[in-house]
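Since the structure comes first, as C-alpha cells, the remarks are kept for the end.
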Amino acid sequence: DVCSSDLIPFIQSFATLTASLLLLGGIAWAQPTESPEVAGINLTTLRNTGYRIDWMTQSTSTKLRMPTITNRSMYVLDGEDYLSRYDLKSGKWLWSTPIGNQVFILHSITEFPEIGQLYVLSDGATYVVEIATGNYPSQANAEASTSHASKQHMPLEWVASTGALRDGGYLVYGSSKGDTIWFNPSIGFTVHRYRIGSTIHSRPTLVQGIRDPDGLMRRVIVTASKDGRVVAVDANQINRLWSLTLLGAVETPVTFATDNRLVANEAIPRTSVFIAGSDQYLRAVDLHTGRPRWKVLTTAPLADTPLIHEQSLYQRIPSVGLACFDAFPVNISGKQKWVAEDVTGIIITTTTSGRLVSWDQENRLLQIIEPKMGSVVSSLSIPTAKSLISDNDTNGSLYIITDDEMLIRLAPRQ
C-alpha cells in the first residue's frame, strides 16, 4: 500500500513535466478568464469585429513603411530603401531588392503587370524592377529601350512631391513647382505638364463619369495645390475642364462617386467630385463643370479623404468625430445625417454585412460601426500596429505592419 501523501511529489513532478512538454510543443494554457492574443491582437475581440487572422509573416528588415497592395502582391519598403514583395494570398516572402539611394524620398509603388515591371517614384527619379524577380530589367530589354537613361533609373525633369497614380501607360504625379506631370516610363520622359498652382502635396486623382446619354465616359485628372487651387484636366486632351480657388490648401486627395438615380430633367447620372479642405469646408462639385453641388462648413480643418458608400459620405472631423452626409442631397447647403463623437478614426472599408470599418492610427483602434446611426458595434485595440490599410473600399481585407516588423492579414469571416 502506498500512502496518499507519498503520491504528492510524484503528482507534482508529473504536472511539471506535462506543462514543459506542452510549452515545447508551442501550446500555452491560459487562465479561464483570459483571452488568447496573437501579436497584441485579442482573438476573441477580433472575432467580434467579423475578421480573422489569415496569415502572419515576420520580416527581418526594420522600419517597414509604405505598404502597397496590388492584385497579387504586397510591397513594403524598409529603412535601408530595400523593396520587398510578398504573396498576397499566403504572405510568403518572394524577393527583396535595393531601391533608390537613401537620399531621395520614395513616394509610391506602381505595377505595370502587362509588361512585368514595377515603378518606384522618388523625388528625383523613377526606379524600375521586374515584378517576378525583383531584378533590374534584363540587358536585352535595356538595349531595346528608346529611353535616354538606363531602364533601371530614370531621372525626373520635374521633381515629384506626391505619389503617382497610373493613367494608361503614364505615371501621373504632382510636382514641387505646382504642376501635374504625365511621365512615360517606357521612354523615360515627361510627355505632358499642366500648371496647377504652388507646390502640390496631395496625389492627383483620376475621376471618371458618364458624359452623354450614349454612355461615353469622361476621364479627368483632378489636382489640388497648396495655395487652394483645384484644377480638373481632361486626361485625353490635356486641357483644363474647370478650376476652383478655395480659401485654403487641400492636403488630401479628392474622391468621386456617381449617383445612378436619374434626376428629373437630367439625361445622365450625376458624378460629383468631393473635396475636403483645410478651410474647413466639405464640398461636392459637378465633374463636368466644377459647379457646386453642395458644401458644408465644419468646425475644423479637414485632412482626410472622405469615403463614399451607398449614397452616403463619411468624413472625419478632428476633435468632433465621424460625420455622415448625404452624398447627393437636393439642398445646396448639404444634409448631415449624424455625427458619432466616439468614432475618431477614418472609414477605410466595409464588412461583409455592410457595416463601416474605422481605423484610428493615433490610438491604434479599429471600430466597427452601424451605418444608419453611427453607433459602435465593436472595437479592437491593436497596440502593436504602426500602420493598417485595406485593399478595397468595400468588403476589404486589412493589412497590418506591427512595431516589431510583422506583417499580418486580417480577412473577413464568411
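The values are calculated or read from the model by the stated rules, or taken from the named source; none is laboratory data. Source: prediction; values computed, not measured. Neighbour counts are summed over all protein chains in view; Cβ atoms, including those assigned to glycine, are modelled from backbone coordinates with ideal geometry. The accessibility values were calculated without ligands, DNA or RNA, using every heavy atom of the protein model including side chains. Shrake-Rupley method; radii C 1.70, N 1.55, O 1.52, S 1.80 Å.
Does the stretch 257-276 hold any residues that are under 28 Å from the mean Cα position of the chain (by Cα), surrounded by fewer than 20 Cβ atoms within 10 Å (Cβ to Cβ) and either free of Cβ contacts under 8 Å to residues at least 12 places away in the same chain or not in a loop (DSSP other than H, G, I, E, B) (or both), and which are they?
Quick first cut of the stretch 257-276, residues under 28 Å from the mean Cα position of the chain (by Cα) only: 257-260, 269-276.
Narrowing further to those that are surrounded by fewer than 20 Cβ atoms within 10 Å (Cβ to Cβ): 258-260, 269.
Matches in the stretch 257-276: T258, D259, N260.
Quick one: in the stretch 339-350, which of the residues that are open to solvent by 10 Å² or more (accessible area, probe 1.4 Å) and modelled with pLDDT of 95 or more is farthest from L302 (Cα to Cα)?
As a first pass, look at the stretch 339-350 and keep what is open to solvent by 10 Å² or more (accessible area, probe 1.4 Å): 339, 341-342, 344, 346-348.
Imposing the further condition that a residue be modelled with pLDDT of 95 or more reduces the set to 339, 341-342, 346-348.
On the way: V339: 15, E341: 16, D342: 18, I346: 12, I347: 14, I348: 16 Å.
Selected residue: D342.
Restricting the first residue to the stretch 391-413 and requiring it to be among the charged types (D, E, K, R), which pairs with a second residue that is in a strand (DSSP E or B) and open to solvent by 10 Å² or more (accessible area, probe 1.4 Å) meet a Cβ separation below 6 Å and a spacing of at least six or different chains?
From the stretch 391-413, the pairs are D391/I69; D403/K386; R409/D54; R409/W55; R413/R52.
State whether the residues of the stretch 202-215 include one that is open to solvent by less than 10 Å² (accessible area, probe 1.4 Å) and under 28 Å from K151 (Cα atoms). Break it down stepwise before answering.
So the first thing to find is which residues in the stretch 202-215 are open to solvent by less than 10 Å² (accessible area, probe 1.4 Å), and the list is 202, 204, 207, 209.
Then keep just the ones that are under 28 Å from K151 (Cα atoms); that gives 202, 204.
Yes, some residue in the stretch 202-215 is open to solvent by less than 10 Å² (accessible area, probe 1.4 Å) and under 28 Å from K151 (Cα atoms).
Does any residue of the stretch 367-375 turn out to be touching a residue at least 12 places away in the same chain (Cβ under 8 Å), among the hydroxyl-bearing types (S, T, Y) and under 23 Å from P67 (Cβ atoms)?
no
How about the stretch 152-168: which of its residues are open to solvent by 40 Å² or more (accessible area, probe 1.4 Å) and either farther than 20 Å from S225 by Cα or acidic (D, E) (or both)? Working first, answer last.
Within the stretch 152-168, the first condition is being open to solvent by 40 Å² or more (accessible area, probe 1.4 Å), and the residues that meet it are 152-153, 155, 157-159, 166, 168.
Answer for the stretch 152-168, where residues must be open to solvent by 40 Å² or more (accessible area, probe 1.4 Å) and either farther than 20 Å from S225 by Cα or acidic (D, E) (or both): Q152, H153, P155, E157, G168.
Go through the stretch 382-414 and report how many residues are part of a strand (DSSP E or B), of a type in the set (S, T, Y) and in contact with a Ser or Thr (Cβ under 8 Å, 6 or more places away or on another chain).
3
Go through the stretch 69-123 residue by residue and tally those that are of a type in the set (D, E, K, R) and under 16 Å from L165 (Cα atoms). I'd like the intermediate steps shown before the answer.
To start, the set of residues in the stretch 69-123 that are of a type in the set (D, E, K, R) comprises 72, 78, 80-81, 85, 87, 89, 92, 111, 114, 123.
Then drop every residue that is not under 16 Å from L165 (Cα atoms), which leaves 111, 123.
Total meeting the criteria: 2.
Restricting to the stretch 198-226, count the residues that are over 19 Å from A164 (Cβ atoms), part of a loop (DSSP other than H, G, I, E, B) and free of Cβ contacts under 8 Å to residues at least 40 places away in the same chain. I'd like the intermediate steps shown before the answer.
Of the stretch 198-226, the ones over 19 Å from A164 (Cβ atoms) are 198, 209-218.
From what's left, part of a loop (DSSP other than H, G, I, E, B): 198, 211-216.
When the remaining residues are screened for being free of Cβ contacts under 8 Å to residues at least 40 places away in the same chain, the result is 198, 214-216.
Of the residues in that region, 4 qualify.
On the basis of being open to solvent by 10 Å² or more (accessible area, probe 1.4 Å), touching a strand residue (DSSP E or B) at 6+ places or on another chain (Cβ under 7 Å) and either without any contact (Cβ under 8 Å) to a residue 40 or more places away in the chain or hydroxyl-bearing (S, T, Y) (or both), does R193 make the cut?
Details: open to solvent by 10 Å² or more (accessible area, probe 1.4 Å): yes; touching a strand residue (DSSP E or B) at 6+ places or on another chain (Cβ under 7 Å): yes; either without any contact (Cβ under 8 Å) to a residue 40 or more places away in the chain or hydroxyl-bearing (S, T, Y) (or both): yes.
When the stated conditions are applied, R193 passes them.
Could you tell me how many of the residues in the stretch 320-335 are open to solvent by 10 Å² or more (accessible area, probe 1.4 Å) and out of contact with any Lys or Arg (no Cβ under 8 Å at 6 or more places or on another chain)?
Within the stretch 320-335, residues that are open to solvent by 10 Å² or more (accessible area, probe 1.4 Å) and out of contact with any Lys or Arg (no Cβ under 8 Å at 6 or more places or on another chain) number 4.
Can you run down the residue pairs with Cβ atoms below 9 Å, 6 or more apart or on separate chains, where the first is in the stretch 318-345 and more than 21 Å from E266 (Cβ to Cβ) and the partner is in a strand (DSSP E or B) and of a type in the set (D, E)?
These pairs meet every condition: Q336/D326; K337/D326; V343/D360; T344/D360; G345/D360.
Tell me the residue from T299, T344, T289 that is under 19 Å from the mean Cα position of the chain (by Cα) and in a loop (DSSP other than H, G, I, E, B), please.
Numbers: T299 fails: under 19 Å from the mean Cα position of the chain (by Cα); T289 fails: under 19 Å from the mean Cα position of the chain (by Cα).
On inspection, the qualifying residue turns out to be T344.
When you go through (1) in a strand (DSSP E or B); (2) modelled with pLDDT under 95; (3) open to solvent by 30 Å² or more (accessible area, probe 1.4 Å) one by one for I187, which number turns out not to apply?
Condition not satisfied by I187: (1).
For the stretch 33-93, please list each of the strands (runs of 3 or more DSSP E) lying entirely inside it that holds at least 2 residues being open to solvent by 40 Å² or more (accessible area, probe 1.4 Å).
Numbers: elements: 51-58, 65-69, 73-77, 82-87.
Result: 51-58, 65-69, 82-87.
Residues that are open to solvent by less than 60 Å² (accessible area, probe 1.4 Å), assigned to a strand (DSSP E or B) and among the charged types (D, E, K, R): does the stretch 370-380 have at least one?
Checking the stretch 370-380: not a single residue is open to solvent by less than 60 Å² (accessible area, probe 1.4 Å), assigned to a strand (DSSP E or B) and among the charged types (D, E, K, R).
Can you report the number of residues in the stretch 173-190 which are free of Cβ contacts under 8 Å to residues at least 24 places away in the same chain and out of contact with any Lys or Arg (no Cβ under 7 Å at 6 or more places or on another chain)?
Count: 2.
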